[in-house]
1. Considering only the stretch 69-83, state which residues are at pLDDT 95 or above, part of a loop (DSSP other than H, G, I, E, B) and polar (S, T, N, Q).
2. Among the residues of the stretch 84-108, how many are in a strand (DSSP E or B) and open to solvent by 40 Å² or more (accessible area, probe 1.4 Å)?
3. Scan the strands (runs of 3 or more DSSP E) fully inside the stretch 133-173 and keep the ones with 3 or more residues being open to solvent by 20 Å² or more (accessible area, probe 1.4 Å), within 15 Å of Lys112 (Cα to Cα) and not aromatic (Phe, Trp, Tyr).
4. Limited to the stretch 146-185, what total is found for residues that are under 19 Å from the mean Cα position of the chain (by Cα) and charged (D, E, K, R)?
5. Report yes if Asn78 is under 22 Å from Ser171 (Cα atoms), open to solvent by 30 Å² or more (accessible area, probe 1.4 Å) and within 14 Å of the chain's Cα centre (by Cα), otherwise no.
6. Looking at (1) farther than 24 Å from Glu132 by Cα; (2) modelled with pLDDT of 95 or more; (3) charged (D, E, K, R), find the lone condition where Lys107 falls short.
7. Out of Leu50, Leu66, report the one residue that is at negative phi, modelled with pLDDT of 90 or more and outside any strand (DSSP E or B).
Amino acid sequence: KTKLEFKLLPESRITILNSNLNNIDISVDSIKSNYSSNIKTKSRYNQNLLTGCLTLIDSKFKNIKLFSNGTQCEDDINIIRSSGELDYIEIKGSSYDAIDFDFSNIKINNIKITNSGNDCIDLSFGIYLISEANLSDCKDKAISVGEKSIFLGDNINAYNSGIGLANKDSSKSYINKISTRKVKV
């Protein structure tokens, strides 16, 4: 299995375009040092208006694992106009949204997110299936479903978050099982 590991300074970004990704693990981690801890990201998007520290655009996925730890971007991971199956996603300590999906048709087998400064999962303009989600310490929403999206969730667990699931903007959500603890709404 191929493994791609990226260590990012606060202003760094990785963009993958028009790719067929198969059997790959991608990991993004912020560089921790006295120098980088004193730098704050100046903008929540880059010169191309992309918001992710790792952005995947117009790509197809099969047997992919994504990992992110402690980035300072608007979205730790942003997936745009893509399709396929993501086997596993793990995100820890995002400053803002942990993962943002836009205009995509994605199946996620297992996702684990802890300590997000805003939403743990943000779904927009697409069709999304999540088999299992364990989401904790999401400062705003554990899952935000918006902009005419269709969301199918099998086993969703949201803990210690502002909102468990927000469905808005003419979206539809179908949940088999959802468990919440210490969730305000």
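1. Ser82
2. Qualifying residue count for the region: 6.
3. The strands (runs of 3 or more DSSP E) meeting that bar are 150-161.
4. Looking only at that region, the number is 4.
5. no
6. Looking at each condition in turn, Lys107 falls short on (1).
7. Leu50
The values are calculated or read from the model by the stated rules, or taken from the named source; none is laboratory data. Owing to the predicted nature of the structure, the values given are computational and were not obtained by experimental measurement. Heads up: the accessible areas ignore ligands, DNA and RNA and are worked out on the full protein's heavy atoms, side chains in. Shrake-Rupley method; radii C 1.70, N 1.55, O 1.52, S 1.80 Å.
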